[in-house]
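Engineer: Next up is a structure, given as structure tokens.
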Amino acid sequence: MAKAKNFDVVKLFAALADPTRLRLLNLMDGREVCVCYFVEILQQGQPKISRHLAYLRGAGIVSARREGKWMHYRIERPEDARGAAILDAALAALKGDREMVADLGRLSKACCAPEKFVMLVGAPVPVEA
């Protein structure tokens with residue numbers, strides 16, 4: 001987790017300045033998600049998704065956990081009050097966005113029937129945080 005005294009608000013704004021990273025954060029809001037779901041939902045290659053996730057980790061707002069061959073990601077709320085307020089505001093602003101709502105709908109469908117998605121066969125279902 002990002003320490004309050006070392007938190008870089010400029011890195012946070014840079015991390016939030018990309019549509020793909022916003023979509024990833026939207027999908028992680030309130031849950032831990034395996035990278036395979038991001039690839040399936042966003043229809044983007046795994047290397048690109050991983051680069052964006054690394055950027056979010058570098059900004060101190062996402063953490064990763066390995067479980068066997070699966071990588072799980074979740075939002076880490078900054079200890080820095082400014083960073084936490086900015087992240088909270090960004091996540092709240094995404095709630096009504098048409099694309100973000102559609103992404104969550106696809107995630108819900110993928111979680112309920114992962115066998116319909118080749119990349120998700122055997123993948124762990126996202127867990128509420």
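The values are calculated or read from the model by the stated rules, or taken from the named source; none is laboratory data. Everything numeric in this text was worked out from a predicted model, so none of it was measured. Please note: Cβ atoms are built from the backbone with ideal geometry, for glycine as well, and neighbour counts cover all protein chains shown.
Engineer: Which of (1) touching a strand residue (DSSP E or B) at 6+ places or on another chain (Cβ under 6 Å); (2) within 21 Å of Asp97 (Cβ to Cβ) does Met71 not meet, given it meets every other one?
Structural biologist: Going through the list (1) touching a strand residue (DSSP E or B) at 6+ places or on another chain (Cβ under 6 Å); (2) within 21 Å of Asp97 (Cβ to Cβ), Met71 breaks only (2).
Engineer: If a residue must be at pLDDT 85 or above and either touching a Leu at 6+ places or on another chain (Cβ under 9 Å) or part of a helix (DSSP H, G or I) (or both), how many such residues does region 91-129 contain? Spell out the reasoning first.
Structural biologist: Residues of region 91-129 that are at pLDDT 85 or above, as a first pass: 91-108.
Filter again for either touching a Leu at 6+ places or on another chain (Cβ under 9 Å) or part of a helix (DSSP H, G or I) (or both), leaving 91-94, 97-108.
Counting residues in region 91-129 that are at pLDDT 85 or above and either touching a Leu at 6+ places or on another chain (Cβ under 9 Å) or part of a helix (DSSP H, G or I) (or both) gives 16.
Engineer: When region 11-53 is examined, which residues are found to be in a loop (DSSP other than H, G, I, E, B) and either of a type in the set (A, V, I, L, M, F, W, C) or farther than 27 Å from Arg82 by Cα (or both)?
Structural biologist: Start the filter on region 11-53 by keeping residues that are in a loop (DSSP other than H, G, I, E, B), which leaves 16-18, 29-30, 43-45.
Within region 11-53, Leu16, Ala17, Gln43, Gln44, Gly45 qualify.
Engineer: Moving to a separate point now. Being part of a helix (DSSP H, G or I) and among the hydrophobic types (A, V, I, L, M, F, W, C) is the filter here; which residues of region 1-10 pass it?
Structural biologist: Ala4, Val9, Val10
Engineer: A follow-up question, please. When region 59-87 is examined, which residues are found to be of a type in the set (D, E, K, R), exposed (fewer than 13 other Cβ atoms within 10 Å of the Cβ) and more than 14 Å from the chain's Cα centre (by Cα)? Lay out the reasoning, then the answer.
Structural biologist: Let us first name the residues in region 59-87 that are of a type in the set (D, E, K, R), namely 65-67, 69, 74, 76-77, 79-80, 82.
Keeping just the survivors that are exposed (fewer than 13 other Cβ atoms within 10 Å of the Cβ) gives 65-67, 69, 82.
Hits for region 59-87 are Arg66, Glu67, Lys69, Arg82.
Engineer: Identify, please: which residue in region 80-96 is touching a residue at least 24 places away in the same chain (Cβ under 8 Å) and of a type outside the set (A, V, I, L, M, F, W, C) and is, among those, farthest from Val10 (Cα to Cα)?
Structural biologist: Taking the candidates together, the pick is Asp80.
Engineer: Collect the residues in region 1-17 that are out of contact with any strand residue (DSSP E or B) (no Cβ under 9 Å at 6 or more places or on another chain) and either at pLDDT below 95 or surrounded by 14 or more Cβ atoms within 10 Å (Cβ to Cβ) (or both), keeping them in residue-number order.
Structural biologist: Ala2, Lys3, Ala4, Lys5, Asn6, Phe7, Asp8, Val9, Lys11, Leu12, Ala14, Leu16 - these are the residues of region 1-17 that are out of contact with any strand residue (DSSP E or B) (no Cβ under 9 Å at 6 or more places or on another chain) and either at pLDDT below 95 or surrounded by 14 or more Cβ atoms within 10 Å (Cβ to Cβ) (or both).
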